[in-house]
């Protein structure tokens, strides 16, 4: 079992990998992913909090992602959910 500190440090890597998979043209770093997580879930995000992600959270993440990466369109909630789910799979 991984520690919560390990989650906080490694989960952004999973987000980065998932964003890179869905948006090949984006240059996403772990710092970018960390910023998106903080903006969406707060600076005390945790595995338990991520597992309770709501549709509102997904929409907020999509809005931050659009703004942060200057995307022309809002990412779909399906893509955002897949990004978070893929990051959770990598974390496990």
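The values are calculated or read from the model by the stated rules, or taken from the named source; none is laboratory data. Since the structure is predicted, the reported quantities are computational estimates derived from the model, not experimental observations. Glycine also receives a Cβ, built like all others from the backbone with ideal geometry; neighbour counts cover every protein chain displayed.
Observations
- Note on region 34-70: residues that are within 14 Å of residue 22 (Cβ to Cβ) and in contact (Cβ under 8 Å) with a residue 40 or more places away in the chain amount to 2.
- When residues in region 50-62 are screened for being surrounded by 14 or more Cβ atoms within 10 Å (Cβ to Cβ) and over 12 Å from the mean Cα position of the chain (by Cα), 0 of them pass.
- The single condition among (1) at pLDDT below 90; (2) loosely packed, with under 14 Cβ neighbours inside 10 Å; (3) under 16 Å from residue 86 (Cα atoms) that residue 2 does not satisfy is (3).
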